[in-house]
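S.K.: Okay, here's the structure, questions in a sec.
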Amino acid sequence: MKVCRVFYFTIFRILEDVNKPYARTTVSNLEASSNLLWTHAIISIALLPIGIGMMCHFSSIIKTDNEQVAKRTLFIRRIPKPKAVKDVLIRFIEANVPSAKVEGVQFVYDAKNLKTLHQNYINVVNAKYYCREYAEEYRERCEVRPYLLGHFGGLCCCCSCCPKIDGFRHYESREHELEKDLEKEYRNTISNPVGSVFMTFQNERMAQNVYKYLRENQERACSYFQCFSCCSRFGAWLMSWCSDRREDDLKSHQWLVSYAPSPEDVYW
């Protein structure tokens, strides 16, 4: 035990300079054989779990804006594409759950083609800048073969088949074409949502009520026609036909609903 006290005292002697004014208020002033060193060590160890407990308590109370938005936002899928209209969805939800007030509706779009076009556009712009820098550095125009296997065009065929053209002009023309394609694809993407939405409500209670209604609606439809759907295709068709008669044309019994993830966890 004496060795431990000496070691503890030595550490504090190294960390604190007794010549500094603040060092006069630290444990460095104690002798190596003082029992107050054990008091200091015990208090320090006792404060550690207390500090951790206080941090956990206050971190559970503090809520960020993103967490609050996520808890009052539902992610709804399998909505018929022709019916994926903002006003139609809001009227349906507020008509069936009167206590719910929709604050916002964000549709999900398939931007795969748009992303590919954008990447091609970035590549063309970089190639155009390269041709410009090439001309400034070497005092001559950069010539390219923008064909399939154009890098090997000069080796396997004559110049008339794959002639070289001015690189800057080619990529500049290609840039204008991609700009038009991007604008066209953007309009096409925005006008064709995929049938999934993020629906935000005014508070968490409203989101819970809508979640409960949609889940009960789905479970009720399944319980009514479970025996038919398991028997044959005719049963599945009968289930769909009867559900369309019994429910609305939005086919809400087929919707999949879940709480939306935090915005940081969504790959946009």
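S.K.: Any idea which of (1) modelled with pLDDT of 90 or more; (2) in a helix (DSSP H, G or I) is the one residue 236 doesn't satisfy?
M.R.: It fails just one condition, (1).
S.K.: Moving on. Taking region 163-183, which residues are surrounded by 12 or more Cβ atoms within 10 Å (Cβ to Cβ) and closer than 30 Å to residue 78 by Cα?
M.R.: Correct list: 181, 182.
S.K.: Let me ask something else about it. Looking at region 181-211, which of its residues are part of a helix (DSSP H, G or I) and closer than 17 Å to residue 112 by Cα?
M.R.: Keep residues of region 181-211 that are part of a helix (DSSP H, G or I), which gives 181-190, 204-211.
Result: 181, 182, 183, 184, 185, 186, 187, 188, 189, 190.
S.K.: Do we find a residue being outside any helix (DSSP H, G or I), touching a residue at least 60 places away in the same chain (Cβ under 8 Å) and either touching an Asp or Glu at 6+ places or on another chain (Cβ under 6 Å) or under 21 Å from residue 204 (Cβ atoms) (or both) anywhere in region 115-137? Even if it seems obvious, please write down each step before you answer.
M.R.: Keep residues of region 115-137 that are outside any helix (DSSP H, G or I), which gives none.
Within region 115-137 (the criterion being outside any helix (DSSP H, G or I), touching a residue at least 60 places away in the same chain (Cβ under 8 Å) and either touching an Asp or Glu at 6+ places or on another chain (Cβ under 6 Å) or under 21 Å from residue 204 (Cβ atoms) (or both)), the answer is no, since none of the residues qualifies.
S.K.: Every residue in region 169-210 that is out of contact with any helix residue (DSSP H, G or I) (no Cβ under 8 Å at 6 or more places or on another chain) and among the acidic types (Asp, Glu), please. If you could, list the steps in order and put the result at the bottom.
M.R.: Step one: of region 169-210, the residues out of contact with any helix residue (DSSP H, G or I) (no Cβ under 8 Å at 6 or more places or on another chain) are 169-170, 173, 176-177, 180, 183-184, 187-188, 190-191, 196, 198, 202-203, 205-206, 208-209.
Within region 169-210, 177, 183 meet the criteria.
S.K.: In addition: Somewhere in region 75-88, is a residue in contact (Cβ under 8 Å) with a residue 60 or more places away in the chain, buried (at least 16 other Cβ atoms within 10 Å of the Cβ) and assigned to a helix (DSSP H, G or I)?
M.R.: Scanning region 75-88 turns up no residue that is in contact (Cβ under 8 Å) with a residue 60 or more places away in the chain, buried (at least 16 other Cβ atoms within 10 Å of the Cβ) and assigned to a helix (DSSP H, G or I).
S.K.: Right, something else. How about region 107-145: which of its residues are surrounded by 12 or more Cβ atoms within 10 Å (Cβ to Cβ), among the polar types (S, T, N, Q) and either more than 30 Å from residue 76 (Cα to Cα) or at pLDDT below 90 (or both)?
M.R.: 120, 123, listed by residue number.
S.K.: Only one of these is at pLDDT below 90 and within 30 Å of residue 253 (Cα to Cα): 195, 150, 167, 154. Name it.
M.R.: Working: 150 fails: within 30 Å of residue 253 (Cα to Cα); 167 fails: within 30 Å of residue 253 (Cα to Cα); 154 fails: within 30 Å of residue 253 (Cα to Cα).
Answer to the check: 195.
The values are calculated or read from the model by the stated rules, or taken from the named source; none is laboratory data. If you're wondering where the values come from, they're calculated on a predicted model, not measured in any experiment. Don't worry about glycine lacking a Cβ; one is built from the backbone with ideal geometry, like all the others, and counts go over all protein chains shown.
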